[in-house]
Amino acid sequence: MDKINIPEERLDQAIELGLRRGRKTQRGYGKKVVYTFSAAVLVFCFLIGSAFVSPAMAKIVSKIPYLGQIFENKDDVVVVISEELRAKGYKTAGAGVSFPEKEIMIGIEGSEKYYNSVKADVEKIARDVLQSRNYDAYTLKVSQYKERKIDVDPKEEKKIKQFSQEYDILHPAVTEELKRRDFNVLSLGMEYNPKKLLIEIPNTETRTDEMKQVINDILQANKIDPLPLKIKKIDMEKREQDRRWMEILHIVEDDLLGKEEYKVRMVGYSVYPEPEIQAFISLPSSHENAKDFAQLLEKIIDDFLKSDKMKTKVGSDPYRITIYSKDNKIIN
């Protein structure tokens with residue numbers, strides 16, 4: 001199943017919002033998230049006592065750190081924990097973090113005896129990494145990793161095997177033939193249930209009938225039953241914009257999620273119809289300071305996005321920042 005191509009854009013945001021795994025990955029089509037940005041320290045003190053912040057907010061505001069301190073050259077904290085453990089020789093199955101619980105989970109491989117002997121050390125290393133960044137919003141769970149055994153019905157297993165064999169035939173054959181005919185194929189995948197072929201192409205490509213014929217000929221030549229074909233046309237400018245704003249979210253999210261002062265439970269983004277950064281905070285909309293805090297958080301994020309360090313990423317894109325309360329109401 002690892003060989004089956006699932007278009008990445010469908011999964012990226014769901015994965016990023018739901019679970020960040022503690023390893024660096026090289027994604028297809030040259031997509032790689034690289035944390036190489038820093039930021040000028042933002043002027044924050046002028047907010048204190050100004051008309052922008054109500055007196056009731058003064059105490060809260062005084063505890064919020066400069067956002068500019070967030071963006072030094074550093075990796076995702078879960079990546080750092082995972083790599084630190086591997087560097088010290090601990091046998092771990094990896095690390096991940098769940099949202100909105102903000103629980104970092106570390107799985108230790110090996111026997112129960114080994115798990116019991118290293119658990120305390122693993123916890124200490126993880127806590128030291130969190131403490132080094134003043135991240136107090138996460139909880140930590142270290143457990144023994146146990147591989148899950150999935151019982152598969154023999155008939156279903158046979159279907160899966162046939163599916164995999166068909167994909168192994170179709171992917172290279174279709175890719176090679178479409179490339180020979182100068183089609184720009186962004187991705188080629190195959191869904192299992194219901195079985196279908198999925199192809200992504202630029203929205204400037206008009207030869208869809210020829211593409212369908214090529215694929216049908218390959219299916220017939222390899223004695224594979226006809227398959228439904230779903231062709232998705234991609235706006236390439238929007239795709240590039242989506243990648244930039246995904247990276248912007250990565251830059252913004254780490255400290256916003258890691259420090260309790262920001263009260264951020266989850267973050268998200270969208271580029272439809274225009275770019276938007278979303279922050280979900282822990283205050284309910286009924287809280288007396290919720291709106292003031294949301295406006296303050298919006299201001300902090302906006303100042304950073306307008307900083308010199310972010311100009312190449314944001315470009316000339318118009319954008320908005322939306323702050324959601326705990327009960328998922330827009331409050332800024």
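When the residues of region 189-237 are narrowed to those that are part of a strand (DSSP E or B) and among the charged types (D, E, K, R), which ends up nearest to Glu157 (Cα to Cα)?
Glu191
Could you say which residue among Ser316, Ser286, Ser270 is among the hydroxyl-bearing types (Ser, Thr, Tyr), out of contact with any Pro (no Cβ under 6 Å at 6 or more places or on another chain) and within 28 Å of Thr139 (Cβ to Cβ)?
Being among the hydroxyl-bearing types (Ser, Thr, Tyr), out of contact with any Pro (no Cβ under 6 Å at 6 or more places or on another chain) and within 28 Å of Thr139 (Cβ to Cβ) holds for just one of Ser316, Ser286, Ser270, which is Ser286.
Is there any pair with a first residue in region 143-164 that is farther than 30 Å from Val122 by Cα and a second that is open to solvent by 90 Å² or more (accessible area, probe 1.4 Å) whose Cβ atoms are under 6 Å apart and which are 6 or more apart or on different chains, and what are they?
Final answer for the pair search is none.
Just to be sure I understand the filter: pairs with C-beta atoms under 6 Å, separated by 6 or more residues or on different chains, first member in region 284-306 and under 12 Å from Arg320 (Cα atoms), second member in a helix (DSSP H, G or I). Which pairs pass?
What qualifies is Leu305/Val314.
Which ones in region 274-311 are open to solvent by less than 70 Å² (accessible area, probe 1.4 Å), among the charged types (D, E, K, R) and closer than 15 Å to Ile251 by Cβ?
Asp302, Asp303
For the structure I just gave you, tell me whether Gln278 is touching a Gly at 6+ places or on another chain (Cβ under 6 Å), not small (Gly, Ala, Ser) and not in a loop (DSSP other than H, G, I, E, B).
It is true that Gln278 is touching a Gly at 6+ places or on another chain (Cβ under 6 Å), not small (Gly, Ala, Ser) and not in a loop (DSSP other than H, G, I, E, B).
Scan region 192-215 and tell me whether some residue there is in contact (Cβ under 8 Å) with a residue 60 or more places away in the chain, closer than 30 Å to Tyr272 by Cα and not charged (D, E, K, R).
Looking through region 192-215, at least one residue is in contact (Cβ under 8 Å) with a residue 60 or more places away in the chain, closer than 30 Å to Tyr272 by Cα and not charged (D, E, K, R).
Yes or no: region 168-183 includes at least one residue that is in a strand (DSSP E or B), surrounded by 15 or more Cβ atoms within 10 Å (Cβ to Cβ) and of a type outside the set (D, E, K, R).
Taking every residue of region 168-183 in turn, none turns out to be in a strand (DSSP E or B), surrounded by 15 or more Cβ atoms within 10 Å (Cβ to Cβ) and of a type outside the set (D, E, K, R).
If I go through region 109-138 residue by residue, how many of them are among the hydroxyl-bearing types (Ser, Thr, Tyr) and open to solvent by 70 Å² or more (accessible area, probe 1.4 Å)?
Looking only at that region, the number is 2.
Tell me whether region 312-327 contains one or more residues that are in a helix (DSSP H, G or I) and surrounded by fewer than 16 Cβ atoms within 10 Å (Cβ to Cβ).
The answer is yes; a qualifying residue exists.
The values are calculated or read from the model by the stated rules, or taken from the named source; none is laboratory data. Since the structure is predicted, the reported quantities are computational estimates derived from the model, not experimental observations. Don't worry about glycine lacking a Cβ; one is built from the backbone with ideal geometry, like all the others, and counts go over all protein chains shown. In case anyone asks, the SASA skips ligands and DNA or RNA and just uses the protein heavy atoms, side chains included. Shrake-Rupley method; radii C 1.70, N 1.55, O 1.52, S 1.80 Å.
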